[in-house]
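Below: one structure, written as structure tokens.
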């Protein structure tokens with residue numbers, strides 16, 4: 001085997017590297033950053049990648065793609081570590097160990113600077129805006145579950161009203177005790193902020209203390225014969241018990257600990273994080289990692305620490321690790337800076353209570369990774385089966401590895417939005433989701449056909465434009481156009497024969513019909529319409545092919561609805577129940593009675609179930625579904 005020799009353009013860079021401390025970035029031929037690292041001595045560190053004696057499999061693979069290297073000279077190792085963490089989070093380089101996801105992890109945002117703060121889920125943290133952030137969490141689902149439970153103990157606003165206290169009536173959330181209704185003056189600003197303070201204390205780990213405080217207040221209210229207030233507090237205490245059931249005592253009451261466990265199995269790796277505040281477990285999050293096959297345990301743990309605590313908002317006193325990491329002093333200095341001058345101690349426990357915590361977090365990491373690997377294997381098999389079935393039933397030349405699905409969402413002809421979702425090898429690729437704000441259709445009677453025509457025409461015109469090499473920009477703009485440069489192996493339309501015919505007409509006009517197989521899926525009976533059969537056909541309910549079509553169709557519908565809601569909000573169209581055309585006080589009361597005052601039940605009800613409510617017609621039910 002020939003000895004490796006760096007190409008001349010890399011050699012020129014290596015020969016001129018300084019010995020200073022800093023960060024290095026390695027680029028591929030498309031100008032993308034594929035690796036970021038820090039070094040006390042940039043010259044020695046970067047040159048080590050290109051030594052013939054370096055047989056690291058990852059390095060061998062990586063250096064084949066490196067066409068440029070850029071450096072940032074920094075004052076010290078602490079600044080280098082901070083810059084490295086920021087660059088990795090921003091660019092997610094191909095060869096760095098990163099969290100196994102294609103997006104930022106979510107946070108809870110509480111806008112405490114606002115007069116009546118709202119609670120939102122966000123993936124971006126602005127430490128200078130003065131608001132409170134909690135996270136990051138492993139999933140949006142985990143956040144929603146937490147907030148749904150806490151809201152019953154600490155009701156808060158979710159509407160888009162301007163709160164003046166002078167509104168004539170409150171929304172249904174007040175009726176079902178999920179909002180204190182400051183909009184009608186039923187709750188003061190001070191009381192509302194006190195509510196949120198309690199919620200934030202629970203998120204920080206003070207759940208038991210809040211239960212104790214509310215219990216004392218309830219007993220005082222009962223002694224004062226204020227039974228209504230006592231009953232409200234009783235219900236909130238019960239809700240808080242349910243919300244904090246997982247916050248069990250795991251360490252001494254004064255312990256504030258983050259414990260990092262790691263599991264490595266068959267080339268996969270997962271980090272498990274226990275968050276313990278005041279001795280109670282307040283969160284247990286799992287983070288699958290990427291690009292770990294040729295990395296050591298130390299490198300995996302170090303990479304997680306840098307990425308997680310670069311954005312974290314809640315820091316421990318003690319950070320327990322499964323292995324000793326390099327540059328412990330630098331990491332502690334960096335954490336001190338991130339934690340506003342409060343020390344975070346790194347340790348690998350050898351005995352006692354902390355050692356038991358580490359055993360438990362490592363065992364949990366092993367169990368979680370085993371479960372995920374089983375799920376990944378099952379999902380891969382199911383996806384391959386579904387694609388093979390689709391190829392067969394739709395008479396395709398190849399399995400439809402790339403499926404694009406389109407749907408339309410509108411409310412009485414306004415704020416019409418078309419959505420396109422992309423599934424690659426049976427898995428959603430959310431980075432390629434796109435929305436089309438329909439520009440040519442704005443009528444009282446919605447025209448889904450013409451909206452679909454506009455969306456499809458715009459999508460495939462972009463493909464034709466991308467074929468013209470002169471029209472394709474370079475660099476990042478070129479990367480942004482990649483989603484339009486590929487034709488789908490299957491174009492799926494939400495709807496029946498009419499929607500399918502619109503797609504056929506668009507593809508015919510653009511001379512693309514022979515290149516793009518097209519089908520539609522009708523909701524009522526789940527009928528499949530194609531261009532190769534006059535009559536629709538049904539797939540078995542347990543068919544993997546049908547389930548994949550349904551997932552794509554439902555995802556397109558969800559994305560379209562979300563986009564439509566955003567559009568309506570921009571136009572000042574509130575989605576509260578009482579503002580929906582055709583729903584006045586009588587119908588509002590009937591809906592609340594029929595669905596036990598549960599807005600989620602109203603939102604999830606079918607059209608037939610809504611029309612069972614006295615006074616609700618098909619048109620009103622459709623408007624209700626669209627708004628909620």
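Below, the figures for the structure above:
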{"item": "Verdict on residue 14 being in contact with a strand residue (DSSP E or B) (Cβ under 6 Å, 6 or more places away or on another chain), surrounded by fewer than 19 Cβ atoms within 10 Å (Cβ to Cβ) and at negative phi", "result": "no"}
{"item": "Test: residue in the stretch 326-345 that is surrounded by 14 or more Cβ atoms within 10 Å (Cβ to Cβ), in contact (Cβ under 8 Å) with a residue 12 or more places away in the chain and over 27 Å from residue 87 (Cβ atoms)", "result": "no"}
{"item": "Counted residues, the stretch 206-228 - those being under 27 Å from the mean Cα position of the chain (by Cα) and more than 22 Å from residue 255 (Cα to Cα)", "result": "0"}
{"item": "Hey, residue 422 within 30 Å of residue 264 (Cβ to Cβ) and in contact with a strand residue (DSSP E or B) (Cβ under 8 Å, 6 or more places away or on another chain) or not", "result": "no"}
{"item": "For residue 517: the one exception among (1) over 26 Å from residue 418 (Cβ atoms); (2) at pLDDT 85 or above", "result": "(1)"}
{"item": "Any hit, the stretch 32-43, residues being over 26 Å from residue 334 (Cβ atoms) and modelled with pLDDT under 90", "result": "yes"}
{"item": "Residue 269 being modelled with pLDDT of 90 or more, touching a strand residue (DSSP E or B) at 6+ places or on another chain (Cβ under 9 Å) and assigned to a strand (DSSP E or B)", "result": "yes"}
{"item": "So residue 238, is it assigned to a helix (DSSP H, G or I) and within 25 Å of residue 317 (Cβ to Cβ)", "result": "no"}
{"item": "Subset of the stretch 243-266 [modelled with pLDDT of 85 or more and either assigned to a loop (DSSP other than H, G, I, E, B) or over 16 Å from residue 321 (Cα atoms) (or both)]", "result": "255, 256, 265"}
{"item": "Top-ranked residue of the stretch 98-115 - restricted to ones that are touching a helix residue (DSSP H, G or I) at 6+ places or on another chain (Cβ under 7 Å), modelled with pLDDT of 85 or more and crowded, with 18+ Cβ neighbours inside 10 Å, ranked as nearest to residue 308 (Cα to Cα)", "result": "108"}
{"item": "Condition check for residue 163: in contact (Cβ under 8 Å) with a residue 40 or more places away in the chain, over 26 Å from residue 271 (Cα atoms) and in contact with a strand residue (DSSP E or B) (Cβ under 6 Å, 6 or more places away or on another chain)", "result": "no"}
{"item": "Selection from the stretch 184-206 of residues that are touching a residue at least 12 places away in the same chain (Cβ under 8 Å), farther than 30 Å from residue 169 by Cα and out of contact with any strand residue (DSSP E or B) (no Cβ under 7 Å at 6 or more places or on another chain)", "result": "202, 206"}
{"item": "Residue that is nearest to the chain's Cα centre (by Cα) [pool: residues in the stretch 182-205 that are part of a loop (DSSP other than H, G, I, E, B) and crowded, with 21+ Cβ neighbours inside 10 Å]", "result": "205"}
{"item": "Total residues in the stretch 364-376, condition surrounded by 13 or more Cβ atoms within 10 Å (Cβ to Cβ) and out of contact with any strand residue (DSSP E or B) (no Cβ under 8 Å at 6 or more places or on another chain)", "result": "1"}
{"item": "Subset tally (residues that are out of contact with any helix residue (DSSP H, G or I) (no Cβ under 6 Å at 6 or more places or on another chain) and closer than 23 Å to residue 135 by Cβ) for the stretch 173-193", "result": "1"}
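The values are calculated or read from the model by the stated rules, or taken from the named source; none is laboratory data. Computed from a prediction, not measured in an experiment: that's the story for all the values here. Note that each Cβ is placed from the backbone with ideal geometry, even for glycine, and that neighbours are counted across all protein chains shown.
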